[in-house]
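Worksheet: one structure, shown below.
The values are calculated or read from the model by the stated rules, or taken from the named source; none is laboratory data. The shown structure was predicted, so the numbers you read here are calculated from the model rather than taken from an experiment. Cβ sites come from the backbone with ideal geometry, for glycine too, and all protein chains shown count toward neighbours. The protein model used for the area step is the full one, side chains on, heavy atoms only, and it has no ligands, DNA or RNA in it. Shrake-Rupley method; radii C 1.70, N 1.55, O 1.52, S 1.80 Å.
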Amino acid sequence: MDPHPFTIMANKFPSVLDADVLNERGKQRGFSKRERLITPFRFGLSVVASMATEQVITIADLHRQFNELWELDADYKAF
C-alpha cells in the first residue's frame, strides 16, 4: 500500500481539526449560535472519536460519549 496518500491526509488534519477554524466555521454555517459547553470543535471531535471507537446507534450514544470525552454534564436538549 502506498503511504503517500496517508501522509498527505495526516498533514491536513491539523488545519481541518483546528479548534479556532472549526468554531468559526460552526458560527458561519449557523451550527453554533451560543458557545457554552458544546462548541463546534468539541462536538466534531467527539463525533469523530465516537464513530472511530464504538458502535453509535442513537444520538444518546453520541451525547454520552461527548460527556465522557470532555468530562462534562451537558444537557441532552442542548446537545
Subject >> Residues satisfying the stated conditions in the stretch 39-79, i.e. farther than 22 Å from Ala19 by Cα and open to solvent by less than 50 Å² (accessible area, probe 1.4 Å) >> reply: Val56, Ala60, Asp61
Subject >> Selection within the stretch 12-25 - over 13 Å from Leu45 (Cα atoms) and touching a Pro at 6+ places or on another chain (Cβ under 7 Å) >> reply: Arg25
